[in-house]
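To start, the structure under review is shown below, and the notes come after it.
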Amino acid sequence: MTSLLDAVVVGAGPNGLTAAVELARRGFSTAVFEAKETVGGGARTEELTLPGFRHDPCSAVHPLGAGSPVFRTMPLDRYGLEWLHPELPMAHPWEDGTAAVLSRSVGETAASFGPRDAGAYRRLVAPFLGRWDTLAADFMSLPLTALPRDPVTLARFGLAGLPPASWLLRRFRDEKARGLLAGLVGHAIAPLDGFATGAVGLVFALAAHAVGWPVPRGGSQAIPDALTGYLTDLGGTVHTGFEVKRLDDLPPARAYLFDTSPTALARIAGFGDHYAHYRYGASAFKLDYALDGPVPWTAEAARRAGTVQVGPTAREIGTALRLASSGTAPDTPFLITAQPSLVDPTRAPDGKHVFWAYGHVPHGWRGDLTDAVERQLERFAPGFRDRILARATAGPPELAARNANYIGGDIACGAARGLQLVLRPTLSPRPYRTPHPAVFLCSSATPPGPGVHGMSGHNAAKAVWRHLRGAGHGGT
Ligand SMILES: Cc1cc2nc3c(=O)[nH]c(=O)nc-3n(C[C@H](O)[C@H](O)[C@H](O)COP(=O)(O)OP(=O)(O)OC[C@H]3O[C@@H](n4cnc5c(N)ncnc54)[C@H](O)[C@@H]3O)c2cc1C
């Protein structure tokens, strides 16, 4: 490969691949270089335990993927991506067998919170119903300078979401709604009293009503595989097993995009301490189970849900998140769990199931959370342990070894704290730009942050095609 490429992308995670597709479909010659032997980054599927059990070591459930403004512009279904919807997107059970639920239906969700909170929930989400497409496109493109498509709805979203989630919880009187919404904030490993954490809870709730919380048939790997198939048809190339250590390792190109941590980018491109201010946050302890049958949840709703949050109260969840963020592994972890084989028989042998779970632990923690996780599961699903055929566990060191972007095991590639939740990696209206005019950052360390949605890749690609066209290289 000696001719000058328009763009080289480092890292074949969802954002790197999306950036590559966005450039290739505009006629720019593009090549991707990935350190691991397979594409996917944080969206992959592997037989981690027993033959025939197909686990997702990282992402499993994809409200932000199904609702991604950029994925919706791509024919990914033609490349094998099929979203499977569980009967309920999410359940949040209590030990007495009751549960709050996040349903496609606002009415069913509100009813599960009880009569004292049903109205408050309806009032919270009402201004945004039917507006996901424009709202997602607007807030996932921030802080670019383009005018929002629906500034009024975006402003209402900001008013509701910019304060801490703890403010949002005060709208509710009973534990069911408060627990479920606190759990939603936990998906971003954000403390409940943090700036803009209300927006995290609101986004996940609105996504459930607008697009559901689906899993891809065959596992999360289907997402990067579809992006790679599309990219290849567009003329792009993907090179795996190629860890980039220096810019000189790469073929000559007009622009370079990094789907990496800011720390790695600084090291590779020689940016010194440009990103030294950037903070990495708490980690996860991940467990993948091969089960002899479905999880025996006491709450009936949890047996029908793709995702189950195990808290249950906002206080317990807040404590678990605070402990993990401040350096102590919680004895009673808050768990996010998923049961993809409820809707996807390709994931496990007949009658058997895969089960996906993680709890939050401190950055770089070296302990084993398995017992605490299983004690917590037994509270809500007595007999869970008897169903275990095999388990695979990964704490911060193993997560960091799986993916160089998980520094200290931080699966969000940067703490979701303070302004860094929204404005990352620097306080700049052009977060995808770097000290070098031809080098760009496109990973989840840039807005809109973590999740398999490709929007960081899309936004960075937009900065690149403006740069290339500005320099007279037009694509087609
Ligand atoms: C346990 C866990 C659970 C999660 N659950 C969900 C979920 O359910 N839903 C959801 O939407 N999101 C989830 N996420 C988050 C999601 O996986 C990430 O936010 C997303 O993958 C980020 O995409 P990315 O492209 O920015 O980076 P990544 O997916 O991390 O990809 C980066 C890629 O760059 C490669 N790379 C890094 N450095 C180099 C180098 N020097 N040279 C070459 N290649 C390099 C890496 O190998 C990797 O393939 C989860 C993550 C984890 C770990």
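The values are calculated or read from the model by the stated rules, or taken from the named source; none is laboratory data. Here the structure is a predicted model, which means the values were calculated and not measured. Heads up, the Cβs are rebuilt from the backbone with ideal geometry, glycines too, and the neighbour counts pull from every protein chain shown. The area values use the complete protein model at the heavy-atom level, side chains included, leaving out ligands, DNA and RNA. Shrake-Rupley method; radii C 1.70, N 1.55, O 1.52, S 1.80 Å.
The table below lists the values:
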read-out: Per-region count, the stretch 402-417, residues within 9 Å of the ligand (Cβ to nearest atom) and either surrounded by fewer than 21 Cβ atoms within 10 Å (Cβ to Cβ) or more than 23 Å from A12 (Cβ to Cβ) (or both); value: 2
read-out: Exclusive hit being under 24 Å from the mean Cα position of the chain (by Cα), among the aliphatic types (A, V, I, L, M) and farther than 13 Å from V200 by Cα, set A177, A182, A160; value: A177
read-out: Exclusive hit being open to solvent by 60 Å² or more (accessible area, probe 1.4 Å) and in a loop (DSSP other than H, G, I, E, B), set R149, R122; value: R149
read-out: Candidate set: the stretch 307-338, residues that are open to solvent by less than 10 Å² (accessible area, probe 1.4 Å), in a loop (DSSP other than H, G, I, E, B) and not small (G, A, S); chosen: the one farthest from A401 (Cα to Cα); value: P312
read-out: Top-ranked residue in the stretch 392-401 [being in a strand (DSSP E or B) and buried (at least 18 other Cβ atoms within 10 Å of the Cβ); ranked as nearest to the ligand (Cβ to nearest atom)]; value: A394
read-out: All positions within the stretch 223-242 that are more than 16 Å from R44 (Cα to Cα) and hydroxyl-bearing (S, T, Y); value: Y230, T232, T237
read-out: Verdict on V70 being crowded, with 19+ Cβ neighbours inside 10 Å, within 16 Å of the ligand (Cβ to nearest atom), over 19 Å from T346 (Cα atoms) and of a type in the set (V, I, T); value: yes
read-out: Residue ID - nearest to the ligand (Cβ to nearest atom), chosen from residues in the stretch 7-38 that are among the aliphatic types (A, V, I, L, M) and out of contact with any strand residue (DSSP E or B) (no Cβ under 6 Å at 6 or more places or on another chain); value: A35
read-out: Test for L159: is it open to solvent by 50 Å² or more (accessible area, probe 1.4 Å) and more than 15 Å from I317 (Cβ to Cβ); value: yes
read-out: Top-ranked residue of the stretch 344-363 - restricted to ones that are open to solvent by 10 Å² or more (accessible area, probe 1.4 Å) and within 15 Å of the ligand (Cβ to nearest atom), ranked as nearest to P191 (Cα to Cα); value: H363
read-out: Residues of the stretch 137-165 that turn out to be modelled with pLDDT of 90 or more and hydroxyl-bearing (S, T, Y), as a count; value: 1
read-out: From the options V215, V203, V238, residue that is touching a residue at least 40 places away in the same chain (Cβ under 8 Å), surrounded by fewer than 24 Cβ atoms within 10 Å (Cβ to Cβ) and not charged (D, E, K, R); value: V238
read-out: Residue match in the stretch 101-119 (condition: more than 22 Å from R170 (Cα to Cα) and open to solvent by 60 Å² or more (accessible area, probe 1.4 Å)); value: yes
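This table checks each residue for (1) aromatic (F, W, Y); (2) open to solvent by 20 Å² or more (accessible area, probe 1.4 Å); (3) out of contact with any helix residue (DSSP H, G or I) (no Cβ under 7 Å at 6 or more places or on another chain); (4) under 12 Å from L234 (Cβ atoms).
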| residue | (1), (2), (3), (4) |
| --- | --- |
| V9 | no, no, no, no |
| L17 | no, no, no, yes |
| R25 | no, yes, yes, yes |
| F28 | yes, no, no, yes |
| F33 | yes, no, yes, no |
| T38 | no, yes, yes, no |
| G41 | no, no, no, no |
| E47 | no, yes, yes, no |
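Yes/no matrix, rows are residues, columns are (1) within 21 Å of D371 (Cβ to Cβ); (2) modelled with pLDDT under 95; (3) touching a Ser or Thr at 6+ places or on another chain (Cβ under 7 Å):
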{"site": "R303", "(1), (2), (3)": "no, no, no"}
{"site": "Q309", "(1), (2), (3)": "yes, no, no"}
{"site": "G318", "(1), (2), (3)": "no, yes, no"}
{"site": "L323", "(1), (2), (3)": "yes, yes, no"}
{"site": "F334", "(1), (2), (3)": "yes, no, no"}
{"site": "P340", "(1), (2), (3)": "no, no, no"}
{"site": "V343", "(1), (2), (3)": "no, no, no"}
{"site": "T346", "(1), (2), (3)": "no, no, no"}
{"site": "G351", "(1), (2), (3)": "no, no, no"}
